[in-house]
Structures are given as structure tokens and as C-alpha cells.
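One structure below.
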Amino acid sequence: MHVHVPHLLPAPPKPHYNAAALRFTVAASAAAPAARKEKQAVIVGGGLAGLAAATHLTALSVPFTLVEASDRLGGRVATDVVDGYRLDRGFQIFLTAYPECRRVLDYPALRLRPFYPGALVFLGAGEPFHLLSDPLRLPLRSLSALLSPVGTLPDKLLVGLARLRAAATPDDAILSALETTTAAHLSRLGFSPSIVERFLRPFLAGIFFDPALDTSSRLFELVFKRLALGDNALPEDGIAAIASQLEARLPAESLRLNTRAAAIDRSGVTLDTGETISGELGVIVAVEQPEAEKLLPQLSTPQKPKKSNNSERSTVCLYFTTNRAAPVQDPILLLNGSGKGIVNNMFFATNVAPSYAPPGKVLVSVSLVGSFAGRDDAELAGEVVRELAGWFGADEVAAWRHLRTYRIGFAQPDQTPPTNPAGRDPRVGDGVYVCGDHWCSATFDGAMVSGRRAAEALAKDAGLS
């Protein structure tokens, strides 16, 4: 079965970026950690925030040791290569307009492959998919969607106006604006329940893992601005290529994998083996929020009431493969706007980046929002296949083979109001600093900004900046 959708334009050309990306020099004569005699810093955690902190300490020639509990760096920004398939751990899309990422990363080296600027919306079995395109980039294509049942005509005009307003609003104004939930904010902007339920809710739930749309309106506006100014993209080598690029700039002898921190104080870090690593210059804690609160109990002081049912940010990502041509041939996100089923969004990853699968194979990525803890992987995969049979036809999905299921229990920190997406002071004690997307905005950029700020604060306090 071939799904009938409006003819899409060819995938947009790859965006051009400033080739003068920030680069750093690593001293070749750095001493091995065990032989260090000079004072050093310690970074706990090798996710994006920890890698960003290490990158900036390297640029400042500040000695450090980075300890990471797992066997690799990158944290949640990870890709597994399985039988020639590149499987990102969870649905992740890179927004090219992130300003910190533009400043630090070498975009051409990532070989970014953009998505079509829009989405196909599924409203029910037997119905055609409905195309929504970015009205700023493809105004003529957007005209064809004006009468679609995905929202009203005023809704379509509001989307264009909201994109224009977001693109023109300074970040400072967004971060200091009156804060509410995204759901309340969309209502205040005038969007009808039709476009919220059929398009905006599944689209934003795929970004924030928050179908209730309790996420801060400030974070929504910030991400909406990035969507207006840049592309959604995937690196050819998988989302982990972002972390790998940062790792390549660091002195290998300063990195210790399979090394778990058990306690932290001003003098350094004690590992679960009992070994102590001295951190005379300071300690940067760059782990996920739950682990940070274990290592630094002072962080767990409640700053706002938690809504136990709505603050969970979990997701399940399932991958399938097939030898048959994809029923949708374009590099576009597909959203479940029907209000039924467990699938939130999906896409054919090989339409975006053919390198995600061996030649002749198609890679299918399906995302659910929530933990689905009561269902095992086989049961969940079977339910997804049965549901998607209503999207593409039973014969089509019968040819799909399940590859792997990823359950991401902590996909993002809670971003319900009140928040501070501009970021908090990294100093949490004498010589102790915190960074991560829970300390800034829950985005790639937020993690990297917080890592840089922690490194800058440590260097300044140590008199090394």
C-alpha cells in the first residue's frame, strides 16, 4: 500500500552554516590523571553538559578529570549501531538554530540532514494524511492546508503570525515573559481546541514528552523561535555525533569511564570503590537531576509542588525495519492527531538520513510518550504494529521486523512553572558547581550553556579565567 499524501517539495537543501566554528587546542603534554601534581578540577558526568564544561576548561588550559559512570560519553545523546542500523536512544531531533550549538559545534562536520519543514497528521483509519507546512518557508504549500480539518482557517493564520512573532522576539524578552503552562498559553494566543488536539499537542509532546502541555510557556516560546529560525535535522552518523565531536576535543587521559561518584565535597570526589580524586580547583556536577540530588542533597529541597501524575517525562522508542519501500517517501514527521492509540509520532529515519540503515533497508522510528511499565517489549511492539496497520494497511506493517525498544525513564527534567530557562547560578557551595538541562532549559542548548557557565565560574573563582 502506498499512502496518498499531497505531493511534497523535494527535501530542502542542506542549510549553510558559519564554518568558523569554535575550535580548541588540547595540550599534547598533559599528564595522566594518576601522575598529576598540579591542581585540577573534577567533572562528574559525561553528558552534553559535562562535555561542554570539559571543552571550555580545555580551552582555558585548566587541568581536569572527568568521571563517567557508564562505558561511554554523551548521556542521553546516544546512538547504537546494530547490524548496520543507527538507532538513536529515544526520539531526538537537533534544532540547528540553537545559538550555543552554532557557536561551539562544527555543523558541516556533522553532515546534518534536514527534515521537511512541516508534518503529516493522521486523523483516523481510512482518511488521507493531512499536510501542514511551515508557512514562513513554504507559503504556497501552506495554502493547500488552509481548508484541512486540522484546525480552523484562523488557526492556520495564527500559526504563521506566531512564527513571525517568535522569530522577532529577543531571547531576554521570552525568558522574562509572564509564565504559564503551554496549554494555557496556546489558549490565550487564540488557538482552537481542534488544532491543539490534532497538531500542537502531539507535536509538542514529541519534543517535551508532556502530552498534558504543562511545560513552561517560556520554554515553548524559546523552542518555537528555534523552529522558526532553523531546521530540524539529524547528523548522518546519528545523534551521538554531537557528543562525539565534543569528546574528540578533549585530552583522552583526562577521561575516566566506568567510574561512578559516590560522594562529593569541596576537596574532591569519592568513588564507589573508595578511591578519592582530588579537585582542588573545584568540582562540577553534570549528572541528571535525580543523580545530582543524590550526590548533593541540598539540591532536592522542593522549590515548587510536584504534580506526580504530570511531572513524569518518560518515553518509549521502538525501531522496525523492512525491505519494502517506505509508504511515505519524504523526510517528514508523522503525528497522531486522532486522539486514539498509544503512538504519538513516527518517521521513516532513512528518508531523512539513508545512513541510518544498510543499503536497501528502511528504518522506522516510532515514539510513545510515557513509561508503559506494565507492558513488556514484545507486547508493546505488537500493539504498535496493530495500531499502525490502521495508518498504512495491514499488509504494509506485516513486513516490518522489530529491531529494538528503548525505554527512557528520565527523558527530560520537569519543566512545569515556575522555571528559570535562562539558567541558575552554577555555584551551589564552596568550590562545587552544578550544570545540566535541569539547571537551565531542557534543550541541547540549555545543557551546553550550563556546562560552559559552570566551567567559567570555576575558572573565575580559582583565579584562572
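The values are calculated or read from the model by the stated rules, or taken from the named source; none is laboratory data. All of these numbers come straight from a predicted model, not from anything done at the bench. We place every Cβ from the backbone using ideal geometry, glycine too, and count neighbours over all the protein chains shown. Remember, those area values only see protein heavy atoms, side chains included, never the ligands or the DNA or RNA. Shrake-Rupley method; radii C 1.70, N 1.55, O 1.52, S 1.80 Å.
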Problem - Qualifying residue in region 82-97 (condition: modelled with pLDDT of 95 or more, closer than 25 Å to S278 by Cβ and in contact with a helix residue (DSSP H, G or I) (Cβ under 8 Å, 6 or more places away or on another chain)) - result: no
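Going by the conditions given, is F224 more than 30 Å from A59 (Cβ to Cβ), in contact (Cβ under 8 Å) with a residue 40 or more places away in the chain and not in a helix (DSSP H, G or I)?
Details: more than 30 Å from A59 (Cβ to Cβ): yes; in contact (Cβ under 8 Å) with a residue 40 or more places away in the chain: yes; not in a helix (DSSP H, G or I): no.
The answer is no for F224.
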Handout entry: Selection from region 208-253 of residues that are of a type in the set (A, V, I, L, M, F, W, C) and open to solvent by 30 Å² or more (accessible area, probe 1.4 Å)
Key = A212, L229, A248, A252
Completion exercise
Within region 283-308, of all residues that are modelled with pLDDT of 90 or more and part of a loop (DSSP other than H, G, I, E, B), the one most open to solvent (accessible area, probe 1.4 Å) is E288
Practice task
Could you tell me whether any residue of region 414-423 is modelled with pLDDT of 95 or more and aliphatic (A, V, I, L, M)?
Solution key: no
